[in-house]
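Structure record follows, encoded as structure tokens.
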Amino acid sequence: MKLRYLFPVLLILSFTSLFVGVSDIRPWELFQLTEDQAEIMRISRIPRLISIIIAGVGMSVIGLIMQQLTRNKFVSPTTAGTTDSASLGVLMAMIIIPGASPLVKIVIAFAFAMAGTLVMIRIMERLRYRDPILVALVGLMFGSIVGSATTFLALKYNLMQSVGSWLNGDFSSILKGRYEMLYISIPLILLAYLFADRFTIAGMGESFAVNLGLNYRQVMRIGLAIVALVSAVILLTVGSLPFLGLIIPNLVSLYKGDHLRSSLAHTALLGAIFVLGCDILGRIVIYPFEVPIGLVVGVLGSGIFLYLLLRRRAAHD
Amino acid sequence: MIEVRGLSKRYGGGQGIHDISLTIAKGAVTSFIGPNGAGKSTLLSLISRLIPMDEGQVQIAGADVSKADSRGLARVISILKQSNQLNVKLKVGELVEFGRFPHSSGRLSAEDHRSVDEAIRYMELEELRGKFIDQLSGGQRQRAFIAMVLAQDTDYILLDEPLNNLDLKHSVQMMKVLRRLTDELGKTIVLVLHDINFAAAYSDSIVALKEGRVIRHGSVDDMMDPVVLKEIYDIDIPVHNVDGRKVCLYFR
Amino acid sequence: MTDKRKLLILAIVVIALIAVFMTIHSYGNWDYILPRRSKKIAAMLLTGMAISVSTVVFQTLTNNKILTPSLIGLDSLYLLLQTAIVFMLGADTLTAMSKNVQFFLSAAVMIPFCGVLYKLLFLRKDGRAIYFLLLVGIICGSFFSSISSFLQMLLDPNEFLVVQDKMFASFNNVNSEVMVLATAIAVLSALYFCKDLKYLDVMALGREHAVNLGVPYDRITKRLLVFVALLVSVSTALVGPITFLGFLVSNVAYRLMSSFRSAVVLPAASLISFAALIGGQLIAERVFTFSTSLSVILNFAGGLYFLYLLLKEERT
């Protein structure tokens, strides 16, 4: 697959996405929209498209960064405790500062996500020479411990169902004025691109990185901060998008190899395409109702991940 | 006697071993040599049923390895691989006692205890007997595992690079012990060795593998020959006579 | 202290806890209290035993001490089943449904699921497939949870409360018929598989050593995994999911006992889990006055211990 194939696909899907929905807007009406139609475009359809693209790009890219930094293909924000820690943070914000502004929530969620990811990285360093699948399993257990703390608190403050609903990724509530925080992730993704080579080197291990004159700790911290912040922002605006950060980088590395600089753009584009595709699917499958994106991504994602796993094993034997 | 016929095991990328037939004499020390990736360890694992074969047959003392009862086999043949990481906290004595499992299923008789004591004495581990395995140095650990195999008291003993982790003194001791096991007790020993000189000094015959096939099999005298060695390793290795023994000088 | 003496002390602690549990705040209502409380105790003993034995066996098979069998997605499957019943048939149906039917339904869904999962393992000849199996199990687990959380969003808050109750293990309303049934399944499977347990010590050395010592490793692994699945299914269907209890008690047992032998570790882990369950229940009932469920406390304690072990240990 080449970039020049991915771009048109993204464009076509984006265009389609704008014209799928309960109120009919036909593509040929694009230049003679009625007042109402223009309003729908402005308030709902375009913000939705933008947030889908940012979320898809963001989750896939930070998944890739995490896999590079840990040298483990089975690690991603949703499977190694980052997202779980961020949601614990959101819950804490809701409990401690009722009616906290989104910005405050983001800051607290970010702090929790960062702390959780740091703990996870420390655990992984101790398990460095073990089976990568075992390391991934430990990550999942870590995630579920943090999750059990969230459950405990949510239970105590009677917030279980609302936690459940905002954790499950959903684009249908994206409206103008409620998604703009996502823009924070754009400069972060650009930063990731600048640091790509350094992440690749840091992933080789501390001694390797220091040998090449790299400030290992600093690169690690920058990488993890990007991961934590993007996770927190996406969690708060869209919700959790399971498996995305896991499967997109793995799919790309199948045909593109593991050098971050060359695979980053592919990962970003494929991530956006995948989420757009899932979103359109979710919108038409039980039309006029909507299947939340978290569920579509979860179902398709787990299927694809299983396929990747089985394939990987077949190649090994 | 170990009889290998038409043995194959394929891995991805053309690796593995291909159609090996081989007879290993009883009551002798046989060494496998060859470059990295030649399939020495794979062959050893196949002979000892650690990994299933794709094709072929292995017979040990008349019993077909892939069909015979595993527990019965464990009283005839033992194998020790190179990497021996343990996840349980175990004392040296307890590890060696495991060697008696095929004979006793865990309940040790007086005779079992005698074999354990003997194996520990053979490997000079008396003082380390009460120590935990993870407190030992690499060499000590290697000896403890070999003691377990000795306690198993099988006629056939397969060792994958037993000199790994051992210093010179312990390497020589190890090879002498193995030699004695053959000379005094009539055991059949098969080794994977990296150092040709060790192989030459203690083996009765040498099997050379390359790219998954047996390319030479002969006595030490036949194998310690610059032409043969060149064929195996693709470098020129001069062979000298030192005190009536053939020694390779492969250093430069 | 010898292991024997440690086991004895643990047994005494458990008996003392049982005595306290049976008699505390009785106010003389013996006729009412004794049968109720002994039913709870019986459920805790059965669950504690099932969870600790299954975890120790599972950790031996997977050759590490940081995993638990509930990772394979059974908890999520159980929850999905409960959610689906409420969603499709309504909360009243779940509440009214006979406990026997519920137990059978849960077991009937979970055991075949394990069967399918293990099929993957049976297909392969090498024992290393076990991590792979776990990963597949987890993926299925998160697949189940995404469906349940979607369904849960659609429930009205009252119905959701019914589901929420099911999310946490509870010993408060265990039915005695179901108890008998669960005990029967557990005992029968224990009898059937006990001859495989003697291999456990040798299998702890790892596959290569075990095969060398004549253990039919792959066959025994598969058989014991079936045993583990049966035990986990029975205990989950009986009281609900307790994810981290097994991890907690097995690791305390490894640390406490000087021998690694299963003849020592299995009883030790079981006794510790009895103590944890009964003690935890006492705390939940008397200190938190039922406001916090036992499984939440145990999950949290187990989770913290997990982190502690991974971060503090020199080598894990």
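The values are calculated or read from the model by the stated rules, or taken from the named source; none is laboratory data. Keep in mind that what you see is a predicted model, and the values were worked out from it rather than measured. Cβ placement follows ideal geometry from the backbone for every residue including glycine, while neighbour counts extend to all protein chains displayed. With ligands, DNA and RNA removed, areas are computed over all heavy atoms of the protein, side chains included. Shrake-Rupley method; radii C 1.70, N 1.55, O 1.52, S 1.80 Å.
Of all the residues that make up the range A:39-70, how many are buried (at least 22 other Cβ atoms within 10 Å of the Cβ), among the hydroxyl-bearing types (Ser, Thr, Tyr) and farther than 20 Å from A:GLY81 by Cα?
1
With respect to the numbered conditions (1) over 26 Å from A:ALA192 (Cα atoms); (2) assigned to a helix (DSSP H, G or I), which one is the sole condition not fulfilled by A:VAL291?
Looking at each condition in turn, A:VAL291 falls short on (2).
Here are A:VAL233, A:VAL219: which of them is under 10 Å from the mean Cα position of the chain (by Cα), modelled with pLDDT of 80 or more, open to solvent by less than 10 Å² (accessible area, probe 1.4 Å) and aliphatic (A, V, I, L, M)? Walk me through how you get there before you give the answer.
Values: A:VAL219 fails: under 10 Å from the mean Cα position of the chain (by Cα).
When all the criteria are applied, what remains is A:VAL233.
I'd like to check which strands (runs of 3 or more DSSP E) are fully inside the range B:183-252 and have at least 3 residues that are within 12 Å of B:PRO35 (Cβ to Cβ) and either touching a residue at least 40 places away in the same chain (Cβ under 8 Å) or open to solvent by 30 Å² or more (accessible area, probe 1.4 Å) (or both).
On the way: elements: B:188-192, B:205-210, B:213-219, B:239-242, B:245-248.
Of the strands (runs of 3 or more DSSP E) lying wholly inside the range B:183-252, those with at least 3 residues that are within 12 Å of B:PRO35 (Cβ to Cβ) and either touching a residue at least 40 places away in the same chain (Cβ under 8 Å) or open to solvent by 30 Å² or more (accessible area, probe 1.4 Å) (or both) span B:205-210.
Pull out all pairs, ordered by first then second residue, where Cβ-Cβ is under 9 Å, the residues are six or more apart or on different chains, the first lies in the range C:81-94 and is outside any helix (DSSP H, G or I), and the second is open to solvent by 10 Å² or more (accessible area, probe 1.4 Å) and at pLDDT 75 or above.
Hits for this filter: C:GLY90/C:GLU159.
Given the structure, is B:LEU44 more than 9 Å from every other protein chain (Cβ to nearest Cβ), under 23 Å from B:ILE206 (Cα atoms), at pLDDT 90 or above and part of a helix (DSSP H, G or I)?
On the way: more than 9 Å from every other protein chain (Cβ to nearest Cβ): yes; under 23 Å from B:ILE206 (Cα atoms): yes; at pLDDT 90 or above: yes; part of a helix (DSSP H, G or I): yes.
In short, yes.
Here is a list: A:ASP36, A:ASP84. Which entry is in a helix (DSSP H, G or I), free of Cβ contacts under 8 Å to residues at least 60 places away in the same chain and either open to solvent by 20 Å² or more (accessible area, probe 1.4 Å) or in contact with a strand residue (DSSP E or B) (Cβ under 8 Å, 6 or more places away or on another chain) (or both)?
Going through A:ASP36, A:ASP84 in turn, just one is in a helix (DSSP H, G or I), free of Cβ contacts under 8 Å to residues at least 60 places away in the same chain and either open to solvent by 20 Å² or more (accessible area, probe 1.4 Å) or in contact with a strand residue (DSSP E or B) (Cβ under 8 Å, 6 or more places away or on another chain) (or both): A:ASP36.
Is there a residue being more than 13 Å from chain C (Cβ to nearest Cβ), among the aromatic types (Phe, Trp, Tyr) and open to solvent by 10 Å² or more (accessible area, probe 1.4 Å) anywhere in the range A:295-312? Step through it out loud before you land on a result.
Pass one, the range A:295-312, residues more than 13 Å from chain C (Cβ to nearest Cβ): none.
The answer is no, given that none of the residues of the range A:295-312 is more than 13 Å from chain C (Cβ to nearest Cβ), among the aromatic types (Phe, Trp, Tyr) and open to solvent by 10 Å² or more (accessible area, probe 1.4 Å).
Give all pairs with beta carbons closer than 6 Å in which a residue from the range A:256-276 that is farther than 16 Å from A:LEU188 by Cβ meets a residue that is of a type in the set (Ser, Thr, Tyr); count only pairs at least 6 apart in sequence or on separate chains.
A:LYS256/A:SER263; A:LEU276/A:SER17
From the list A:ILE97, A:ILE54, exactly one residue is among the β-branched types (Val, Ile, Thr), on the phi < 0 side of the Ramachandran plot and without any contact (Cβ under 8 Å) to a residue 40 or more places away in the chain. Which is it?
Values: A:ILE54 fails: without any contact (Cβ under 8 Å) to a residue 40 or more places away in the chain.
Every option except A:ILE97 fails the conditions.
Restricting attention to the range C:296-315, does a residue exist that is over 23 Å from A:GLY139 (Cα atoms), open to solvent by less than 10 Å² (accessible area, probe 1.4 Å), in a helix (DSSP H, G or I) and aliphatic (A, V, I, L, M)?
So in the range C:296-315, the residues over 23 Å from A:GLY139 (Cα atoms) come out as none.
The answer is no; no qualifying residue exists.
Please go through the range B:69-93 and give me each residue that is at the interface with another protein chain (Cβ under 7 Å from one of its Cβ atoms), in a helix (DSSP H, G or I) and not hydrophobic (A, V, I, L, M, F, W, C), ordered by number.
Result: B:SER70, B:ARG71.
Taking the range C:181-232 as the search range and keeping residues that are acidic (Asp, Glu) and more than 20 Å from C:LEU117 (Cβ to Cβ), which one is surrounded by the most Cβ atoms within 10 Å (Cβ to Cβ)? Before you say what the answer is, go through the steps one by one.
Filtering the range C:181-232 down to residues acidic (Asp, Glu) leaves C:196, C:201, C:208, C:218.
Restricting the remaining residues to those that are more than 20 Å from C:LEU117 (Cβ to Cβ) gives C:201, C:208.
On the way: C:ASP201: 22, C:GLU208: 20.
Looking at residues that are acidic (Asp, Glu) and more than 20 Å from C:LEU117 (Cβ to Cβ), I get C:ASP201.
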